[in-house]
Amino acid sequence: MNYDTVVFDLDGTLVRLTVDWDVVAREVALALEERDIDPPDSLWGMLETADENGARKAIERIIADHERDGARDSERLPAADTIPEGPVGVCSLNAEEACYIALETHDIGGVSAVVGRDTVATEKPDPAPLLETIERLGGDPARTLFVGDTDRDRETADRAGTDYVDVSDWLRA
């Protein structure tokens with residue numbers, strides 16, 4: 001491998017969290033309405049709206065509770081068996097604690113740094129979470145590979161100046 005550092009996305013890449021996102025969206029919408037905030041249609045839009053209206057902490061708590069439960073009941077995916085030697089991290093849209101729970105639940109070792117949605121002030125596709133992960137690993141973005149499963153992951157890698165591979169291609173290599 002020609003990379004000094006490898007960073008994986010979590011959900012859909014190493015594990016599949018068991019979260020009913022429709023239920024999460026309904027609970028978040030209700031919590032916003034209780035605060036007299038009109039919720040947008042998407043969960044990410046609701047999180048942004050909560051942030052803009054000073055309700056991020058409460059909304060984040062609802063989402064993270066579901067993610068932690070979903071991490072405990074998650075499914076281990078094949079890429080979890082391909083963690084290479086060397087500096088390896090996880091950069092996820094999920095809450096940091098949920099990432100740790102999933103890694104522990106499935107005994108996924110070799111991960112030295114975890115950055116979740118709530119670790120830094122922004123989330124993917126902003127490059128800050130991926131760059132923070134790389135920094136915690138002592139890596140260089142130009143010598144880092146990001147392994148993910150979504151267009152958002154690809155965009156994050158592009159913005160951070162790292163190479164990207166879809167997990168399905170990673171597994172074929």
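Size descriptors for the range 109-173, from the alpha-carbon set: Rg then Dmax equal 11.4, 35 Å.
How much length, in nm to one decimal, is gained on full extension between THR122 and GLU85, taken as 0.36 nm per residue of separation minus their Cα-Cα distance?
My answer for the length gained is 10.4 nm.
Stokes-Einstein diffusion for the chain, with the hydrodynamic radius set to the Kirkwood value over Cα pairs and evaluated at 37 °C in a medium of 0.692 mPa s, equals 201 µm²/s. Going from the residue with the fewest nearby Cβ atoms within 10 Å to the one with the most, SER168, SER92 rank SER168, SER92. Within the range 3-67, the ratio Rg/Rh, alpha carbon atoms throughout and Rh by Kirkwood, equals 1.10. Once both labels are positioned 7 Å from their Cα atoms along Cα-to-Cβ, the gap between GLU52 and TRP21 label points is 2.1 nm. Compute the label zone of ASP69 within the range 1-40: residues whose backbone N is under 16 Å from the point 7 Å along Cα-to-Cβ. Label zone hits: 17-31.
Compared with the dominant principal axis of the Cα atoms in the chain, helix 151-160 is inclined by about 70°. Between LEU32, ILE59, THR49, the Cα set farthest toward the positive side of the dipole of the range 21-72 (charges on each charged residue's Cβ, about the Cα centre) is that of ILE59. The distance between label points at GLU34 and ASP163 comes to 4.9 nm (points 7 Å beyond Cα on the Cα→Cβ vector).
Is the range 86-135 rounded, prolate or oblate when judged by the Cα gyration tensor, a ≥ b ≥ c being the square roots of its eigenvalues, rounded requiring a/c under 1.5 and prolate requiring a/b larger than b/c? In terms of gyration-tensor shape, oblate. For the chain, the longest principal axis of the C-alpha atoms and the axis of helix 96-105 are separated by about 60°. Each 5 Å bin from zero up to the one holding the largest Cα-Cα distance in the range 41-87 carries the following percent of pairs: 5, 17, 16, 15, 13, 12, 12, 9, 2. Only helices enter this figure: runs of n ≥ 4 DSSP H residues, each worth -39500 (n - 2.57), summed and divided by the residues of the chain, yield -13000 deg cm²/dmol at 222 nm to the nearest 500.
The angle between the Cα long axis of helix 56-72 and the longest principal axis of the Cα atoms of the chain comes to about 50 degrees, rounded to the nearest 10. Relative contact order of the chain, taken over Cα pairs closer than 8 Å and 6 or more residues apart, is 27 percent.
None of the figures in this text is laboratory data; all of them are computed from the coordinates on show. This structure is a prediction, so every number in the text was calculated from the model and none was measured. For neighbour counting, all protein chains shown are included, and Cβ atoms are generated from backbone atoms with ideal geometry for every residue, glycine included.
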